[in-house]
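Let me begin by presenting the structure, written as structure tokens, before commenting on it.
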Amino acid sequence: MDGKERALIVGAGVGLSAALARRCAKEGMAVVLAARDAQKLAEFAREIGATAVACDASRRADVERLFAEVDAGGDRLDLVVYNASGRARGPIAELDPDEVERSLMVTAFGGFLVAQQAARRMLKQGHGTILLTGASAGVKGYPRSAPFAMGKFALRGLAQSMARELHPQNVHIAHIVIDGSIARPNDPRLAERGPDAMLSADAIADTYFHLHRQHRSAWAWEIELRPWVETF
């Protein structure tokens, strides 16, 4: 398929998503960034030549509008990354069911909505990569964090099922377990923990892009990333 490679990053913000967007732009890809508040991304989008689109990933209509805008911008979609997630913290006996529902809708259902739309296009064009951002909570549930674990466990199951279904059709699916805190620019926590005791967003972005470029004779469906000093 002719034309510039295109990437869509959903749940975009100033951390990992920004690092990945810069990496994609550096590699010559056209980038679309989606977030509930697209205005917050306007300056960054101009900086790297990306397009910013408002989208609540938990809402089917929003996701359909997002992909309609993506379609209007070109006839190919090579990489889709789902970074959005929701959290509701607290003791299990005290959690607000409405907040739990919202968390699950963003983390799990939103992941499904975006992955489904991406898969439809990639199956039609015959190739593509869908990356779902997980967390250590997706493989082990922590106390006072049941909703986050529920959502991330569901996202991991979605990725595994999709990989088994779509890998033989030349669509690469991968789930990335982020096990540790991601350092922010000029993060004061680095002075306490050490320069590489937290995950570097740029280093994570390198891994994401490597997954996108993996040869299909050796595709990974899941990879875990953590600082070398992190216990697990």
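Quick look at the numbers
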item	result
Test result for L113, in contact (Cβ under 8 Å) with a residue 12 or more places away in the chain and either under 22 Å from A12 (Cβ atoms) or in contact with a Lys or Arg (Cβ under 8 Å, 6 or more places away or on another chain) (or both)	yes
Looking only at the range 138-155, and only at residues there that are crowded, with 18+ Cβ neighbours inside 10 Å, of a type in the set (G, A, S) and under 15 Å from the mean Cα position of the chain (by Cα), the one that is farthest from L33 (Cα to Cα)	G138
Any chance D96 is modelled with pLDDT of 95 or more and either farther than 24 Å from K124 by Cβ or surrounded by fewer than 21 Cβ atoms within 10 Å (Cβ to Cβ) (or both)	yes
Among residues of the range 20-33, those that are crowded, with 24+ Cβ neighbours inside 10 Å and out of contact with any Ser or Thr (no Cβ under 9 Å at 6 or more places or on another chain), counted	3
Unmet requirement for S17, which otherwise passes all of (1) outside any helix (DSSP H, G or I); (2) crowded, with 23+ Cβ neighbours inside 10 Å; (3) of a type in the set (G, A, S)	(1)
Sole exception among (1) buried (at least 19 other Cβ atoms within 10 Å of the Cβ); (2) touching a residue at least 60 places away in the same chain (Cβ under 8 Å); (3) more than 15 Å from the chain's Cα centre (by Cα) for R184, by number	(1)
Filter result for L211 (assigned to a helix (DSSP H, G or I) and under 22 Å from L123 (Cβ atoms))	yes
Index of the failed condition, A52 passing every other in (1) in contact with a Leu (Cβ under 8 Å, 6 or more places away or on another chain); (2) in a helix (DSSP H, G or I); (3) touching a residue at least 40 places away in the same chain (Cβ under 8 Å); (4) of a type in the set (G, A, S)	(2)
Criterion: modelled with pLDDT under 95, surrounded by fewer than 20 Cβ atoms within 10 Å (Cβ to Cβ) and over 18 Å from K4 (Cβ atoms) - qualifying residue of A54, A38	A38
Residue ID - nearest to M162 (Cα to Cα), chosen from residues in the range 173-232 that are in contact with a strand residue (DSSP E or B) (Cβ under 9 Å, 6 or more places away or on another chain) and acidic (D, E)	E222
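The values are calculated or read from the model by the stated rules, or taken from the named source; none is laboratory data. Please read all numbers here as calculations on a predicted model, not as lab measurements. Here Cβ is always computed from backbone atoms with ideal geometry, including for glycine, and neighbour counts include all displayed protein chains.
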